[in-house]
Amino acid sequence: MSQGPRSGLYAVSTALLAMSRHLEVRDVLKTIVASARELLDAQYAALGVPDDHGGFAQFVVDGVSDAQWKAIGPLPRQHGILAAMLSEARPERLADVREDPRFEGWPSAHPDMSDFLGLPIRDGDETIGALFLANKRRPTGDDSSASGAHACGFTEDDEELLTILAQHAAIALTNARLYERSRELTIAEERSRLAHELHDAVSQKLFSLRLTAQAAATLVDRDPSRAKGELQHVASLAAEAADELRAAVVELRPAALDEDGLVATLRTHIQVLDRAHSARVTFAGRGVRALPASQEEAMLRVAQEALHNALRHSGAARVDVTVEKRGPGAVLHVVDDGSGFDPTATRNAGRHLGLVSMRDRASGVGGRLTVQSAPGKGTTIEMEVPGG
C-alpha cells in the first residue's frame, strides 16, 4: 500500500477507531474526510451526502480553509464526476480530473486539482455518499507532472485502501444516523410527556380557578369580605396557571442547536425567560466555540433545569447565566440570588430540584456538575464539559 507519512495497519486502525468514536453524523463525516486525506497523503479531500433534489444534504471538505470555502460559494450540485460516482457506483481514478470529458468546471475560487481518486460510500444497494481525494503529494524532486501529461499519483493500492475506509465509513455513518434517529424519538417522547404534564397541571389549575370564581360570585352580595378573599385566590391561581404555561412552552419549544449553536440558543431562551418573569435574567457567552452536539445538548438541558429552579422555587430577583471557554471545552454558570438551600440536607430535596438528572446529564457527556448553595445565600450551578 502507498507509503505516506502514516501508512500500514496502524494508520488504518487509527482511522477506523476515530470514525467509531463519534455518534453525530457531522462529526463522523469530518473524521472520515480528515482520516482519508491523511492516510493517503492528499492535498484535498471531500465527502458529499446526496439529497433527493440533485444536490447534497451535507458536504464536508478537508484541506480547504474557511475563507476559501466561503469564497467558493454554494454547495456543489450532483454533476460531472460526482454524479458519475453516485449513479454508476464505481471508483474513479484519474491522472487529471480536468481532462476527463465529464468534467464541467468549478467556481473561480475553487482550488486547482489534477490527480483524483473517488468512490461511492454504499450501504447495501444504496449509495449514501461520495468520497474523493485530489492532488496526491509527490516526493520532493518528482517533476513527472512538469510536462502536463503524467500518470495518476494515486495507485491501485491507494484505491484498495480507500475502499476499505469507505466500507467502514458506511457502517459508521449508518450507525450515526441511527443514533440521531433514536435521539429524535427520545425527544419526541419527552415532548409528549411534557404535553401530558401541561394538560394535567393547567387543567387542575383552571378547574380550581373556575370553582373559586363561582364561589366568589355567590358571595359578592351577602358576604363581600369573603368574596374579596376568593377573588384574590382567583388571581393567585391565574398567575400559577400562567407560570405553568410559560414553563411548558419554553420546554416544548425545540432548541435550535443544530442551526444556531449553544450560545445563540441559550441567548434566545433567556431573552424569553427575562420577558416572561419578574426576575432579571441575563446571559453572557465568552469565547465559546462549537462543542460536540451531545455536550451542547446536555449543557442546554442543565441550564434549563437550573433556570427553572431559580425562577420557580428560589424567589430570586436576579439570575445570571454565563458560558465561557475553559481549555478545549466550556463551563456553564447559573447564579441566582434566591433563598438557597442545603444541597446535603435530604435526597428528596435534590430530586425535587432535578440535581440528580443534572448530574446524570453532565456525567453522561464526560463532564462534571457542582452545586454551591446555602439557606439565604442563593445558588450557583456549574457544569464543565471537556470539548471535542
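The values are calculated or read from the model by the stated rules, or taken from the named source; none is laboratory data. This is a predicted model, so every value here is computed, not measured. A quick note on method: Cβ atoms are made from the backbone with ideal geometry, for glycine too, and the neighbour counts reach across all protein chains shown. The accessibility values were calculated without ligands, DNA or RNA, using every heavy atom of the protein model including side chains. Shrake-Rupley method; radii C 1.70, N 1.55, O 1.52, S 1.80 Å.
For the reader, a short list of remarks on this structure follows.
- Counting only protein heavy atoms and using a 1.4 Å probe, the accessible area of Arg286 comes to about 120 Å².
- Cα-based shape type of the range 48-109, given that a ≥ b ≥ c are square roots of the gyration tensor eigenvalues and the cut on a/c is 1.5: oblate
- Net lengthening on full extension, Glu104/Trp69 (0.36 nm per residue, minus Cα-Cα): 10.7 nm
- Solvent exposure of Ser294, expressed as accessible area, is near 40 Å², computed with a probe of 1.4 Å over the protein chains only.
- Rolling a 1.4 Å probe over the protein heavy atoms leaves Ile164 with an accessible area of roughly 60 Å².
- A simple spin-label model places the labels of Thr155 and Asp112 2.7 nm from each other, with each point 7 Å out along Cα-to-Cβ.
- Relative to its Kirkwood radius, the Cα radius of gyration of the range 28-84 gives an Rg/Rh of 0.97.
- Highest to lowest packing among 88-97, 216-225, scored as the average C-beta count within 10 Å: 88-97, 216-225
- Spatially proximal lysines relative to Lys205 (Cα-Cα < 28 Å; intrachain offsets below 8 disregarded): Lys228
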